[in-house]
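Report on the following structure.
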Amino acid sequence: MKKNFLVLTVAVVALVLAIGAGAGYLAYEFLKAPPSQVAQDVVYEVTPGKGFNSIAQELQEKGLVKNALFFSIYARIKGDRSKLKVGEYLLRTNMMPSEVLAVITSGKSIARSFTVSEGLSIYEIADLYEKQGFGTAADFLSVVREPEFIKSLLGESQASLEGYLFPETYMLTKYTDTRTLVANMVKRFLYVFNEVLPLATVQGWKRHQVVTLASIIEKETGAPEERPLISSVFHNRLLKKMRLQTDPTVIYGKAEKTGRIEINITRNDLVTPTPYNTYVISGLPPGPIANPGREALLAALKPEESLYLFFVSQNDGTHVFSEDYQGHKKAVEKFQLDRRAREGKSWRDLKKREAAPAKN
């Protein structure tokens, strides 16, 4: 009897050891070997409210882990089941379970770039935002016009955040909302503005006036070397109580009525009163007409010293400057009224110049 009990005990122990060894081997294989030797990218999204077991099962179905149960047990032992972060993650089929777990608990979602060029208005940024699939243009325009939100970011009340959305490349995830993006753009503006402010030679101007002029400078020229001269023209005209008479403000005044930027303007547009039409109003318009970059802000704060009161396009993205109307009239005749001066020329020539490699 005792002999039979001993044999049974040994057999049970052997079976337990065998099972343990088998489980240990499987666990070892699970932890030390990836599901595949082929590195195939898989985008996996952790959505709000989804349980860890469901996630583990989906990871197994997508070939990202070998065994959902083992992955769930492994995460529990690590204490990481509760560390899941909602997000869209880039995983690979040759990742170890520890790597997969580290990614989906990191909160570092896949990010796409959203580039805002210098001189774009809120209307143009809103369209870009929608076309690239980040959200709707209507939502963007609503956020940048929200009074309490504006005051919380700028510390002052303004009609919109036009001018304060700094042009730069921003990295957005699927879960970056419009308010977060806008807040980051304004924070970047404030940082850059405070960086250039100590270089200012303009005294007594409020920040909103500086940003308004910088936005006009940005829209008038894409040639970096011209910005301080363009600024000097506007400063000189303001000092002489002359109207600014700048086309981009007319375009923006129309956009405020229609909700979109229309580049073409007519003679009738020039004489149609709007708060932004600087052919009609005196001084600066009530606010910015676009979002200026660092160099335009600096030019508004630090204009070049000149006696220029006029400038006219040379049809290649640059301008001719004049001190009096007679000089300006001659420049208009030469570069605008003479068709030959426009043939084969475009503002795109400026882009070609910028793209050309520097000469030694």
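Look at region 181-192: where a residue is more than 12 Å from Gly163 (Cα to Cα) and in contact (Cβ under 8 Å) with a residue 60 or more places away in the chain and a partner is open to solvent by less than 20 Å² (accessible area, probe 1.4 Å) and part of a helix (DSSP H, G or I), sitting 6+ places away or on another chain with Cβ atoms under 9 Å, you get Leu181/Tyr129; Leu181/Phe140; Leu181/Val143; Val192/Leu297.
Residues checked against (1) modelled with pLDDT under 65; (2) open to solvent by less than 60 Å² (accessible area, probe 1.4 Å):
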position: Leu6; (1), (2): yes, no
position: Lys32; (1), (2): no, no
position: Ser36; (1), (2): no, yes
position: Asn67; (1), (2): no, yes
position: Leu84; (1), (2): no, yes
position: Tyr89; (1), (2): no, yes
position: Pro97; (1), (2): no, yes
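Against the test of being open to solvent by 60 Å² or more (accessible area, probe 1.4 Å) and modelled with pLDDT of 90 or more, the options Ile104, Ile110, Ile77 yield a single qualifying residue, Ile77.
Of the residues making up region 160-173, just one is loosely packed, with under 15 Cβ neighbours inside 10 Å and either more than 11 Å from the chain's Cα centre (by Cα) or in contact (Cβ under 8 Å) with a residue 60 or more places away in the chain (or both), namely Met171.
Taking the residues in region 315-327 that are part of a helix (DSSP H, G or I) and open to solvent by 30 Å² or more (accessible area, probe 1.4 Å) as candidates, determine which candidate is modelled with the lowest pLDDT. So the residue we want is Tyr325. Among the residues of region 284-314, the ones that are open to solvent by less than 20 Å² (accessible area, probe 1.4 Å) and not hydrophobic (A, V, I, L, M, F, W, C) come to 6 in all. Residues considered: Ser142, Ser117, Ser157, Ser152. Of these, the only one that is at pLDDT 95 or above, in contact with a Lys or Arg (Cβ under 7 Å, 6 or more places away or on another chain) and either open to solvent by 60 Å² or more (accessible area, probe 1.4 Å) or assigned to a helix (DSSP H, G or I) (or both) is Ser157.
The values are calculated or read from the model by the stated rules, or taken from the named source; none is laboratory data. Since the model is a prediction, treat every value here as computed from it, not as a measurement. Every residue, glycine as well, gets a Cβ built from its backbone with ideal geometry; the counts of neighbours run over all protein chains shown. The protein model used for the area step is the full one, side chains on, heavy atoms only, and it has no ligands, DNA or RNA in it. Shrake-Rupley method; radii C 1.70, N 1.55, O 1.52, S 1.80 Å.
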